[in-house]
Each structure stands twice: as C-alpha cells, then as structure tokens.
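Engineer: Please find one structure pasted underneath; my questions will follow.
The values are calculated or read from the model by the stated rules, or taken from the named source; none is laboratory data. Computed from a prediction, not measured in an experiment: that's the story for all the values here. Ideal geometry is used to build each Cβ from the backbone, glycine not excepted, and the neighbour counts take in all protein chains shown. For the accessible areas, the whole protein counts, side chains as well, though only heavy atoms, and no ligand, DNA or RNA atoms are used. Shrake-Rupley method; radii C 1.70, N 1.55, O 1.52, S 1.80 Å.
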There are 2 protein chains.
Amino acid sequence: MSSALAVNYAAVAAAAERLRGVAHHTPVLTSAQADAISGARVFFKCENFQRVGAFKFRGAYNAISCLSEEQRRRGVVAFSSGNHAQGMALAARMLGVPVAIVMPSDAPAMKLAATREYGAEVILYDRATGDREAIAARLGAERGLAVIPAYDHADVIAGQGTAAKELFDSVGPLDYLFVCTGGGGLLSGSAIAAAHLAPDCVVIGVEPEAGNDAQRSLRSGQIVHIAVPDTIADGAQTQHIGKLVLPILQAHVRDIVTVSDDQLRRQIRFFAERMKIVVEGAGALAAAAVMNRLVDVAGKRVGVIVSGGNIDMALFAECMARGAAEV
Amino acid sequence: MSSALAVNYAAVAAAAERLRGVAHHTPVLTSAQADAISGARVFFKCENFQRVGAFKFRGAYNAISCLSEEQRRRGVVAFSSGNHAQGMALAARMLGVPVAIVMPSDAPAMKLAATREYGAEVILYDRATGDREAIAARLGAERGLAVIPAYDHADVIAGQGTAAKELFDSVGPLDYLFVCTGGGGLLSGSAIAAAHLAPDCVVIGVEPEAGNDAQRSLRSGQIVHIAVPDTIADGAQTQHIGKLVLPILQAHVRDIVTVSDDQLRRQIRFFAERMKIVVEGAGALAAAAVMNRLVDVAGKRVGVIVSGGNIDMALFAECMARGAAEV
C-alpha cells in the first residue's frame, strides 16, 4: 500500500537534508513528573522552539526549496492566518522568493505585522464574503505564483515529517508516538517517518474534542467535513483533513483520540509550571492524551510532538490563573 | 592570585564528571529577535530546564557527593526556602543520604510539600523569632549532620560552575558572559570556568536594582550587608555575598550591573512570548542586562545564564497580562 502514498520516507530524508542548518534541531525534553503522571517514559520533541515558534517552518521551507528555479523567481502564495503564514513568509525570505499571504482583514494586528515583518506581501480579504482559497488560486494564475497549501501537499508533508525523524534519531525506537492533527500534515509526515525508523511504533493522532473530523475520517475511510470547531487549539481548527493525508493515516496511524479544552488548559499549565515551556493549545494536544492516559502506555517509551508555542498571551495568562485557583 | 581562591578549574571539571548523566545537560537556545534587540549574538544556557527547575541542583549534588561515606551515612542539613532546598532534597535522595531542610513555618504550602515529596525532613521555624542558620548549625552538631549552605561553600561553587562549562563546551569561546548573582555561588563558579575555558571572556554579574550589595562589595572590596531587598527576583534576595565568593569576583569578574523589576517583568514576558520558555525573576536578570544594553556588546558573542524557572504562577500571569496591556 505504501507505494501508492503521496509521500515516502526518502522524501522525508531528503527534506531533512534541505533543512539541515536551516531549521532548528529542536531539543527533546523529559520530565520525571510527566513520567509519574503518565506511567510511561515520555520524550517531548519541542517544536515550540522551532523558527517562527512552530513546526510549520519545516514544511514551508521544504516545499519552496522543491520548486524549480523559474518558479522560485516568480514566487509563491499561501492562505493562512496562523503558523503556516509565518513559516511561509520566513522560508520565502530565507530563499529569496517573493511571497504573498492571503489573510482575513480582521486577523489580529500583531499577526499581520509579524507576517509583513518577515517581508511578505499581505493580501487582505473579507472573511464574511471572500474565499481565501479561491483568492490564492486566482493570484497564483494571474501572477504565476505557486500555491503552497498548509497541509495537503506532498513536499509540505515530507517537511513536517522531519521533526519525528529527529526525535527517533535522538532517542532511538519508541513504542508509541502521539501527534496532534488539524489538517493532518504533521501527523501524516510523522507517521511516514515512524513507519520507516521504528516499524513497531504505534502512531496515535490527537485532535480537539470540539472537532473530531480526523477521527471520524480515519474510522470511516472518508474525509468528513465539519464547521469550524470551537476550541482553544486554534492551530487545529481545520474543517477537514487533506486528500493526500487520509491514505497515509489509513496505512500508518492506529487511531485518533480527542482531548477537551479543559484538558488542554491543564496541560498548558503543566508545561509552564513543571517543564518551564510555553505551549499553544494545539501544541498541548498530544501531551494531554498521554498525561490523561487516553491510551494505555504504562511502562512504554512514548514520543510526544509539542507542535508549537504561539499562544495568545491573554489566553496563556488565563490558563495560569485558572490553574492557580484549582490548586 | 588564583592559587589563593577557594575553587579552581580542576574542581569545576571534577564536579562536571560527578554530574555527568545525573544533572540535565540543559539546552542552549538562540533567538533572532534577542540578537536584533541586543545587537549581539546571544547564547542562552537554560538552567530553568535543570532538575528542580534551577541550577541549584548542580551545587547541591556536587557538595553531597564530596562528603565522606561516613558523613553521607549520617546525613546533611540545609536552610533555604527556595531552589537550594529542593536541589538538596533531590540530590540527597538520589545519593541515598538523609537530609533535613530548615524552612520558615510561613513558607508557601506548595514549597513545603514539594520539599517533603523529595523525601526531605522539613524543620519549621518562626521567621520572626528564629535564626535558621543557628538552627541548622545546632542540628548539625546534635545529629552530626553536615551543613551545606546555599553558596558559601567550595563544593557548591564548583558545582554551579559546571553550567558555564557546558555552555563554553557547546558554543566555543564567548566575548562576554552574563550571570545573575544573589549570594554569588553561580557567578563565582561561572567566573572560574570562564577564566580557564575562555580567558578573554569578560564576565559580568547582574543583580536586582533593589539590592546592589554585590556591586558595592565588588567595587569596595568588602562584603556589604543590606536589608532583604524588595524585588520579584526572589532567588536573588540575599543580604550579602559569600566570604569565599568575593575573592573570586575580584579576580575574575569585570563588573556587576543592576536591573529593575520593570525590566525583569518585560524580560520574563519576552522569554515567554518570543522564546517560549518560563523564567523566574532571578533567572531573567542576566538576559535583561544584555537586552537593555547595560553593557556595550554590539557585534559580540555573548553567553547568558538563565538560572531558573520556578516563578509563582500568579506573578507569571501578571507579567503576561501587564505586557499585553503595554503592547
């Protein structure tokens, strides 16, 4: 079945070569308390320390690197109000490639400013009336720009898989690997890496309880579309997984479990208080599944991808305060 | 002059051997934004990821390890309501050594619980009427326990110096090294390591503006005693530096600069928002000196020790919220 998949391990390994010395080789942290709570030996791969604060830089840089010289001269376009926007903007600047990012006009001023700071052209659209995907496609056609979507793209998926590759390279075989999922780029790339580097490793996806479309898609074998889920895991507020993603999940992911926002808030606080790291909602998904023992991992060696740290500071402060009241 | 100092580099190197595989080899983080703000190339040695959340574990473990077997059988005693207490408690447990910690009866319940969780016997005293140093000394005499003070002890200083040693070993020579100081254990140990591993490196101590006793002591050549300083850097609320510390500072530290609590709050927020790490007040001292350009480090390679991450979550949330209002 693997031969039919959009991405193979060779593509992940090639992406890792392209990212060498360019992406941060992020640290792997451990915590005696996390081990005690989960009953497992847990290795946290900290992509919150990645450039732009999230794993997204990996896929963006790899995808732009794979374009022809001619295409890189013309430029690229992406639509995102989140980490993919900043990943694309930084990667394009590093590679000297013109980049346009389609963002909603009501996006937080700080995010617009950050994207522009990286040198990207920001194209605003009205969220109520516009279709960002169509706008990006039209820009692509008019200006000859390559559209780089956030997850449903082979080179993006291969790039995201390099985080898991680094984790296995650092700590050796694992019994389980937990990875958050929105559109499924990180999960599918991680699963490709795991299947090759640790064939016995069970890969589990984790998504917000408020929007379990990936879980339903994997279980039904068909891509399920949902309304924008109401969750603090804004990095996982996707409405459906990618077309290239589903076959990879079917081949290499055992199951997808869900986590509540309350569990995320507690996990964010645990990360800050006990492990001294700042993690965003989506970044806490995989860890929350392990720490709440949603899967029996007692005595096992468990990898957890901490996908990003770009949390709104007001929400972050709220998680700290809420936790304080509970104790 | 070096020959007269209480600690030499061989003692730091021996401590590093004892700590190998026992203490965490903490990561060194860099930040393009920190470089832009400071004008330098900054390497952050993250001791907030150390066991018990601060560098103190290093000195405690080294000091207990250096005791005779007979003394280790009898046990140790320390007085501290901060990171040294937990460092001693954990190190003693790992080495199978009985430990008593003298703590004020009004210490936060969480800190008392954490110290007991590590297996330490907690001896409470009344802060208004008791003298913790005298209580520890009496306990030491009565039970034959070795008193391990928080900083004025050669084996403690040597242990603390291993963090700077790891930093130099990781990133090579530096032009400047900034280190926070309370009693001066970390600063003096770091200075010993720097003098050997990077003789041209200028070592700068950093302390809270509210209590500049170390600065005055270094400049006057005499240990200055002050009232407990009012600062959010509770890890640096010492009233004087150590007797063994001063000669080392005189030999190897260029100057000591001071940082305000406002600068610390902004630095704590920068660490959280931009670098995704949780840092306590004292842990932010050295970085705040660099980011506020208190010393001209333009174009230089600069090491910063981030000493710990054990910040009260309410204070931490307040730093986040205050920053949000400012932006």
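Engineer: Taking only pairs six or more apart or across chains, which ones have beta-carbon atoms under 7 Å, a first residue in segment A:73-97 that is more than 18 Å from A:Gly182 (Cα to Cα), and a second residue that is polar (S, T, N, Q)?
Structural biologist: Qualifying pairs under 7 Å: A:Ala89/A:Thr115; A:Leu95/A:Ser65.
Engineer: Taking segment B:29-43, which residues are in contact (Cβ under 8 Å) with a residue 24 or more places away in the chain and at the interface with another protein chain (Cβ under 9 Å from one of its Cβ atoms)?
Structural biologist: B:Leu29 - this is the single residue of segment B:29-43 that is in contact (Cβ under 8 Å) with a residue 24 or more places away in the chain and at the interface with another protein chain (Cβ under 9 Å from one of its Cβ atoms).
Engineer: Regarding B:Glu273, is this residue within 11 Å of another protein chain (Cβ to nearest Cβ), in contact (Cβ under 8 Å) with a residue 12 or more places away in the chain, buried (at least 18 other Cβ atoms within 10 Å of the Cβ) and under 16 Å from the mean Cα position of the chain (by Cα)?
Structural biologist: Criteria not met by B:Glu273.
Engineer: State yes or no: is B:Ala114 of a type in the set (Gly, Ala, Ser), out of contact with any Gly (no Cβ under 7 Å at 6 or more places or on another chain) and open to solvent by less than 60 Å² (accessible area, probe 1.4 Å)?
Structural biologist: For B:Ala114, the condition - of a type in the set (Gly, Ala, Ser), out of contact with any Gly (no Cβ under 7 Å at 6 or more places or on another chain) and open to solvent by less than 60 Å² (accessible area, probe 1.4 Å) - is met.
Engineer: Please tell me if B:Ala107 is modelled with pLDDT of 95 or more and within 24 Å of B:Gly281 (Cβ to Cβ).
Structural biologist: Spelling it out, it is not the case that B:Ala107 is modelled with pLDDT of 95 or more and within 24 Å of B:Gly281 (Cβ to Cβ).
Engineer: Restricting the search to segment A:161-192, which residues are open to solvent by 10 Å² or more (accessible area, probe 1.4 Å), of a type in the set (Ser, Thr, Tyr) and in a helix (DSSP H, G or I)?
Structural biologist: Of everything in segment A:161-192, just one residue is open to solvent by 10 Å² or more (accessible area, probe 1.4 Å), of a type in the set (Ser, Thr, Tyr) and in a helix (DSSP H, G or I), namely A:Ser170.
Engineer: Of the residues A:Arg216, A:Arg293, which single one is part of a helix (DSSP H, G or I) and more than 16 Å from the chain's Cα centre (by Cα)?
Structural biologist: Working: A:Arg293 fails: part of a helix (DSSP H, G or I).
From the options A:Arg216, A:Arg293, the qualifying one is A:Arg216.
Engineer: When you check A:Ala89 against the structure, is it touching an Asp or Glu at 6+ places or on another chain (Cβ under 7 Å) and within 14 Å of chain B (Cβ to nearest Cβ), yes or no?
Structural biologist: On the way: touching an Asp or Glu at 6+ places or on another chain (Cβ under 7 Å): no; within 14 Å of chain B (Cβ to nearest Cβ): yes.
So A:Ala89 does not fit the description; no.
Engineer: Residues to consider are B:Gln50, B:Gln86, B:Gln71; find the one that is in the same structural domain as B:Gln263 (by TED's automatic domain parsing) and of a type outside the set (Phe, Trp, Tyr).
Structural biologist: That would be B:Gln50, the only listed residue that is in the same structural domain as B:Gln263 (by TED's automatic domain parsing) and of a type outside the set (Phe, Trp, Tyr).
Engineer: Considering each residue of segment A:203-228, count those that are over 13 Å from A:Val259 (Cα atoms) and open to solvent by 20 Å² or more (accessible area, probe 1.4 Å), and give that number.
Structural biologist: 12
Engineer: For segment B:44-73: of the residues being away from every other protein chain (no Cβ under 14 Å) and not in a helix (DSSP H, G or I), which is nearest to B:Phe168 (Cα to Cα)? Reasoning before the result, please.
Structural biologist: Filtering segment B:44-73 for residues away from every other protein chain (no Cβ under 14 Å) gives B:56, B:58-73.
If we keep only those that are not in a helix (DSSP H, G or I) too, we end up with B:66-68.
Details: B:Cys66: 24, B:Leu67: 28, B:Ser68: 31 Å.
Among them, the one singled out is B:Cys66.
Engineer: Does B:Gly283 satisfy the condition of being closer than 17 Å to B:Ala214 by Cα, under 16 Å from the mean Cα position of the chain (by Cα) and part of a loop (DSSP other than H, G, I, E, B)?
Structural biologist: Here the answer is no, as B:Gly283 does not meet what is asked.
Engineer: Right, here's the next one. In segment A:294-318, which residue that is open to solvent by 20 Å² or more (accessible area, probe 1.4 Å) and within 10 Å of A:Ala40 (Cα to Cα) is farthest from the other protein chains (Cβ to nearest Cβ)? Step through it out loud before you land on a result.
Structural biologist: Taking segment A:294-318 as the starting set, the residues that turn out to be open to solvent by 20 Å² or more (accessible area, probe 1.4 Å) are A:294-296, A:298-301, A:310, A:312, A:314-315, A:318.
From what is left, the residues that are within 10 Å of A:Ala40 (Cα to Cα) are A:296, A:298-301.
Values: A:Asp296: 26, A:Ala298: 22, A:Gly299: 22, A:Lys300: 22, A:Arg301: 18 Å.
Result: A:Asp296.
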